[in-house]
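Rule-based calculations on the coordinates, nothing more; no lab input. Worth saying up front: this structure is predicted, and the values here are computed from it rather than measured. Using ideal geometry, Cβ is built from the backbone for each residue, glycine included, and neighbour counts are taken over all protein chains shown.
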Amino acid sequence: MKEFKTNSYYSTDSVYEGFGSGFSEKTIRMAFIQKVYSILMVQWAITVGFISLFIYNDSVQNYTVQHPKMIIFTLVMMVILMIAMTCCVNMRRTFPLNFI
């Protein structure tokens, strides 16, 4: 049986050089993971806070029922923001929008 040799353009030594060298140390990887999870935790806490506000506060519930235009406005703004972030790559990679 004939063996096939594959010529690799990359040597095994150059894997950790250049672009991906920042993740070669465990402490750097762990700090990155910690940062990502802390951002996710803050986003989750804000979401739970808003949901709790609309569920448990009667005055907010009544205001929302009496003003349905507010819900329509927020849904339209959400769709516009999602389309803009989908179409404009630079927009989703800049500071405040990259957390969304």
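Between Met85 and Phe54, the FRET efficiency estimated from the beta carbon spacing at R0 = 25 angstrom works out to 0.55.
Note on Met77 and Tyr63: the extension gain reaches 3.1 nm, defined as 0.36 nm multiplied by sequence separation minus the Cα-Cα distance.
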